[in-house]
Structures are given as structure tokens and as C-alpha cells.
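The values are calculated or read from the model by the stated rules, or taken from the named source; none is laboratory data. Being a predicted model, the structure only gives us computed values, none of them experimental. Glycine also receives a Cβ, built like all others from the backbone with ideal geometry; neighbour counts cover every protein chain displayed.
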Amino acid sequence: MMDLKGKEFVLGVSGGIACYKALEIVRGIREGGGQVTVVMTGAAMEFVKPLTFQTLSERPVATTLFSLQEESKIGHIKVGENADAMIVAPATANIIGKAANGIADDYLSTVLLACHAPMVVAPAMNNNMWRHPAVQDNLSTLKKRGAFIVPPGSGFLACGTYGPGRMAEPKEILDRLYSVLQNNSVKQQLAGVKVLITAGPTRERIDAVRFITNYSSGKMGYALATCCRNQGADVTLVSGPTSLSPPEGVQFMRVDSSEEMLNAVMQHATESRLIIKAAAVSDYSAVNPSGQKQKKKTKLTLELKKTRDILHELGAKKTDKQFLVGFAAESRNVENYAREKLEAKNLDLIVGNNILEKDAGFDVDTNRVILLDSDSTTELPLMPKEEVAERIIEKILSHKRWNQTR
């Protein structure tokens, strides 16, 4: 549970079917020890009644500028004065447009102008509205002013269409809120540092419909990218195919094959001070992939060739001003194999884990790893991958070689 004791928040709720999810944001803030004042638009009240938010927040809910009772208890100018952060969730295209263009014609849009605390915005709308240039321009304006956008996910929408527009889950919004608070209170130790991270699996084509891949979900690499971004780094994330949404505020490159990942990595490696290779790159590819779908046969012989070793090439080209981290996903003898890889590929640090261990292999939210360098071995217990990422970055920042890369 995140520690929000002593923190004050304003939650703006605008009209959309995702209003019910905002209740979980209130609950999460209160469980963390924080206090929250909810401001609702007229449209939002058509979906969820103010009394529900009032019950969870244990505070009056602000709904209209022209209520003498509400104004005497809350006050549209004062409501955001002591806020440590403001959240708008769901944020409709309408309220995003108002905030971007300085329009203040209801309680929420007025508070948005009067509140100078960091703002976390979680859009929710129809997929065509989300893609409209006007909405994207308004979001860009808010980002330039310092707002933090939590992108919507893709899925089946209330209007009956399928695509991007679903409001991010409350946990993701709360995690983003927490990282914003941390960034405001803790010195960013990677401020201005260029970081290159790879994540996810690769796909090696067999024919027009089949490919070789593995079970990597990309969650560890994405968690590392988020952690480095929170520390102020200039992050480039090169990712194979995953179902994850790219972390906000990082340069994102999507690739499929190991060859595409190699090219993307080498494009950015020279300028990167920290390189973390968390991707599970295929070791083999088909010698003669077919451009057509191969018809089913009783037997199929597939000739494979080794793919280029990206981590080995990075280690061979590493300069004194670079810090290189690799991963060793093993099914046995993890420490021995990881240490061999550390030395053979000229790494500064390697993260090893047993993919057969329960809750610590591919495609799960937790991990149990060991961190190895030339002098030490550190075992970490089972923990969420976000915490593993934080511990890895802590290890890098305290490493003697890291200080030598300046």
C-alpha cells in the first residue's frame, strides 16, 4: 500500500461511464492515509451520485458554483490551494479541451485553473474522439504545461466500438500519482541521463502466419523504463510485441524480430550512458522463412540459425562512459550461468532469475532475482516487478563503476 499520509488531493470527475472507476481512486487514496475532495461535473452526476463519493471521501462533494451551501463549505478557489496533486478521472474530451484552453464555466474547470498542484489526467472517451487531432493537440498542450497523462487502454467501449479510449485502471492511475509525488519530493538521481532499455520477446518468422517466440510479457522492462523515467532519465524503450501500454514520457520504439531490435538498439546505444537489456531475444531464427503460409504436413523440418547476440555486441563496443546491464533467465544453476554471462559479455551488472519458480518467471507481476557484479551477489526476495526495478536502479546508482561513467 502506498503511503499518502498527510497528503491532500482533489479528484475531478467528468461525465463518462468510467465514473464508477473513480470510486476506487478515492478508496485507494483513503486507504493510503490521504485526504481527497471530489469535484463533479453535471454530466458525471448522471452516472454516479455525489453521495457515493461523499461517503467514501468523508467530505462534501463540490458540484456547482451557484450553491451557497457548497461554496460556504468548500469554495471553488480554495479547494485546490492546499492540494499536493489533482487527478482528473475520467477526463472527457470536453474537460480536456476546457483545461487546455483556459475555459472556466463550471466548478471543475474553474478549479483546474485555480489549482497549481501537479495534475494527473486519465482520459476516457470514444476511440474516434481519442484519435481526433483536436483532442491530441489539447493533450499535448496540457503535457507541455506539466500535466501527467495516463493513456487509456484499448478494448470494448460503452458505445459498442472497439479500440483505444477505456480509462486506465485505478491502480495504474494511483501508481502514476504516487510517482509524481515522489518526483516532487525526492532528488531525481538520473536527471538528464540517457537510458536505453529493451523489453519483451521477439518474433522470428517461419512463414506468413507462424513465428518463433517466447513467454516474455515485457513487464520487467516496462517497470524499469518507468522507474528510470521517475528518476528524471531521458528513456528510450525498445520493445518487442507485448500487450502493455508504453509508459508515458519515454521514447518508444516497437519492433518484432531480433534483427529489428538489434538495429533499434544500435541506433541509440552510442548516446546512452545506461543500457539495460531486459528483452528476451530469440536465440534462433528460420534459415528460409516463407512468404506464404505453409500447408499442414505430417512432418515439418525447420532449419534454424543463430541470431546475432545483441548483448555481446553491446559489451564489445561498451565505452568507459557506459554502464551495461543484462538479464539471465535460467531454469537451473542460475547464479553460475549468470556469472558466466556477466564475464563473457563484458557486463557491469546482471540480473538472474529462475523462470520455473512459481510467481517469478515469465508473464507474472512478481519476480525473485539475484543481482551479480564482479564483486558481489545480492539475493532479492519475491516482490512486485516495480519494486524489483527500483532495487536494480538503486544497485546501479550505488555501484562504483556507475560513478566512473560520469
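Inside segment 250-263, can you point out the residues that are free of Cβ contacts under 8 Å to residues at least 60 places away in the same chain and either closer than 29 Å to Gly155 by Cα or in contact with a Leu (Cβ under 8 Å, 6 or more places away or on another chain) (or both)? Val250, Gln251, Phe252, Met253, Arg254, Val255, Asp256, Ser257, Ser258, Glu260, listed by residue number.
Criterion applied to Ser272, Ser285, Ser217 was being in a loop (DSSP other than H, G, I, E, B) and in contact with an Asp or Glu (Cβ under 7 Å, 6 or more places away or on another chain), and the one residue passing it is Ser217.
Scanning segment 365-390 for residues that are surrounded by fewer than 17 Cβ atoms within 10 Å (Cβ to Cβ) and either out of contact with any strand residue (DSSP E or B) (no Cβ under 7 Å at 6 or more places or on another chain) or not assigned by TED's automatic domain parsing to the domain that holds Tyr222 (or both) yields Ser374, Asp375, Ser376, Pro381, Glu387. Criterion applied to Pro289, Pro381 was being within 22 Å of Glu260 (Cα to Cα) and of a type outside the set (Lys, Arg), and the one residue passing it is Pro289.
Here the condition is being surrounded by fewer than 17 Cβ atoms within 10 Å (Cβ to Cβ), charged (D, E, K, R) and closer than 21 Å to Glu260 by Cβ; of Lys277, Lys317, it holds for Lys317 alone. The single condition among (1) of a type outside the set (Lys, Arg); (2) modelled with pLDDT of 95 or more; (3) assigned to a helix (DSSP H, G or I) that Ala223 does not satisfy is (2). Listed here are the strands (runs of 3 or more DSSP E) enclosed by segment 300-390 that have at least 3 residues being touching a residue at least 24 places away in the same chain (Cβ under 8 Å) and within 21 Å of the chain's Cα centre (by Cα): 323-330.
Right, Asn333: under 17 Å from Glu379 (Cα atoms) and out of contact with any Lys or Arg (no Cβ under 8 Å at 6 or more places or on another chain) or not? Yes: the conditions hold for Asn333. All of Met129, Met119 fail the test of being touching a residue at least 24 places away in the same chain (Cβ under 8 Å), closer than 12 Å to Ala91 by Cα, in the same structural domain as Ser179 (by TED's automatic domain parsing) and in contact with a Gly (Cβ under 8 Å, 6 or more places away or on another chain), apart from Met119. What do you reckon, is Arg59 over 19 Å from Ala114 (Cα atoms) and modelled with pLDDT of 95 or more? Here the answer is no, as Arg59 does not meet what is asked. Would you check which residues across segment 11-38 are assigned to a strand (DSSP E or B) and either of a type in the set (Asp, Glu) or closer than 15 Å to Leu181 by Cβ (or both) and list them? Matches in segment 11-38: Leu11, Gln35, Val36. For segment 322-364, the set of residues classified as touching a strand residue (DSSP E or B) at 6+ places or on another chain (Cβ under 9 Å), of a type in the set (Gly, Ala, Ser) and surrounded by fewer than 16 Cβ atoms within 10 Å (Cβ to Cβ) consists of Ser331 only. Scanning segment 217-252 for residues that are in contact with a Ser or Thr (Cβ under 9 Å, 6 or more places away or on another chain), more than 24 Å from Ala286 (Cβ to Cβ) and of a type in the set (A, V, I, L, M), we see that the one that is surrounded by the most Cβ atoms within 10 Å (Cβ to Cβ) is Ala225. With respect to Glu204, determine if the residue is touching a helix residue (DSSP H, G or I) at 6+ places or on another chain (Cβ under 9 Å) and crowded, with 19+ Cβ neighbours inside 10 Å. Here the answer is yes, as Glu204 does meet what is asked. Residue check: Asp106 meets all listed conditions (1) under 25 Å from Leu181 (Cβ atoms); (2) of a type in the set (D, E, K, R); (3) surrounded by 18 or more Cβ atoms within 10 Å (Cβ to Cβ) but one, namely (1).
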